[in-house]
Ligand SMILES: Cc1cc2nc3c(=O)[nH]c(=O)nc-3n(C[C@H](O)[C@H](O)[C@H](O)COP(=O)(O)OP(=O)(O)OC[C@H]3O[C@@H](n4cnc5c(N)ncnc54)[C@H](O)[C@@H]3O)c2cc1C
């Protein structure tokens, strides 16, 4: 199959107002991929490793092209290969994932497009410009999501879209999925790419030396597939020092389980864990496969940010808490005790401060009273 000149041509000549570009890693789509495709009206190009698997997993897509461009993202080479295909498409939408943020500016530079970063919504409006040229109208999020600002740009743009936990309805008909052969120049060190004959202004890529797995202790919560979240019930009655130690233990246990730690606003406001770990409507939106809540009540502002995890476990002393009601498995017990026991079984050292500083759990109080 030969590469079409443009995606407009590949789609049977119908002009495309918008296309989503999504980078897959080993077939896994980044957080916010479905939202980006929905914002683009259902047309998408999936690149990266395992692109075919990723293309098949997109919800709400109408027409998907995929090209497996192998391990290790080469954003410059990819931008050069994709840009001509996107000619005539006013708006290119990308999830504001790490790979999306890497590729978007290069794609904008390669195609002479505007770059609109961190939008929460975007659309193409045809009539607003005096020449009738398309205008890309976006709302961008700024100051740590505390303000949203309307932005209009005349002419084609690349827009990175912040995942907001919008629900995307699955397509009612199966999408048209097509292979898109993309010719990337051979990988190599930047200076040899230059010698290989690219014009002087060729966008050069760094040489991929190794691909490292993310550090689970610090990785972006939005990308975690397993999240252990702590709420006020993880540390009832504890002072700040002991509470912070318990949340630090949560981070270690989460990492031992191949996951990342999150928290409720009560915990981040108290300073027991960083704000970047807050899940919810005024925090991060996540989309894990597994979510384990330790002492989390399940307030609407919290669960509004956690997508649709395949498995939810709630550890809570209140069997009727909303979190336990929505969980697949509810464990009615003291959260900090269970966390410490889990830590011991996983070989994670439990510092004394992580289990002290508050009233003993109810069962122990009963024991002590009997004694
Ligand atoms: C405008 C606005 C925006 C907000 N945005 C967010 C947001 O983005 N994210 C967010 O999380 N919140 C947000 N909130 C706050 C939210 O409304 C809740 O107050 C918060 O999520 C509750 O946190 P929590 O579950 O840790 O605490 P609590 O509601 O106090 O719940 C504690 C839970 O722990 C249980 N518990 C008690 N003791 C134990 C024990 N020993 N072992 C086990 N379980 C125990 C209790 O039964 C209870 O269910 C927002 C609020 C407002 C007004």
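Read the figures in this text as sums done on the coordinates, not as results from a lab. Everything numeric here is computed off the predicted structure, so don't read it as measured data. Neighbour counts are summed over all protein chains in view; Cβ atoms, including those assigned to glycine, are modelled from backbone coordinates with ideal geometry.
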> Helix 335-346 sits at what angle to the longest principal axis of the chain, using alpha carbons and giving 0 to 90 degrees rounded to 10?
Replying inline: 70 degrees
>> So if each residue of separation counts as 0.36 nm, and I subtract the Cα-Cα distance between residue 256 and residue 115, what length gain in nm does that give?
In response: 46.9 nm
> If you wrap a convex hull around the C-alpha atoms of segment 215-354 and split its volume per residue, what is the figure in Å³?
Replying inline: 90 Å³
>> What do you get for the angle between helix 75-85 and the principal long axis of the chain? Use alpha-carbon atoms, 0 to 90 degrees, nearest ten.
In response: 50 degrees
> Between segment 28-84 and segment 291-327, what is the C-alpha centre distance in whole Å?
Replying inline: 32 Å
>> Taking 0.36 nm per residue of sequence separation and subtracting the Cα-Cα distance, how much length would be gained by fully extending the chain between residue 173 and residue 328, in nm to one decimal?
In response: 52.8 nm
> Ordered by packing density, taken as the mean number of other Cβ atoms within 10 Å over each peptide's residues, highest first, how do 141-152, 113-124, 45-56 rank?
Replying inline: 45-56, 113-124, 141-152
> If r is the Cβ-Cβ distance from residue 345 to residue 276 and R0 is 25 Å, what FRET efficiency results, to the nearest 0.05?
Replying inline: 0.35
> Going by alpha carbons, how many degrees (0 to 90, nearest 10) lie between the helix axis of 98-111 and the longest principal axis of the chain?
Replying inline: 20 degrees
>> Show me the ranking of peptides 57-64, 326-333 by mean Cβ neighbours inside 10 Å, starting with the highest.
In response: 57-64, 326-333
>> Could you tell me the calculated FRET efficiency between residue 166 and residue 210, based on Cβ-Cβ distance and R0 = 30 angstrom, to the nearest 0.05?
In response: 0.25
>> Per-residue counts of other Cβ atoms within 10 Å, averaged by peptide: what ranking do you get for 207-213, 94-100, 345-351, highest first?
In response: 94-100, 345-351, 207-213
> What is the spread of the Cα atoms of the chain along each of their three principal axes, largest first, in whole Å?
Replying inline: 82, 46, 37
> Tell me, in nm to one decimal, what length is gained between residue 6 and residue 26 on full extension, where the rule is 0.36 nm per residue of separation less the Cα-Cα distance?
Replying inline: 4.6 nm
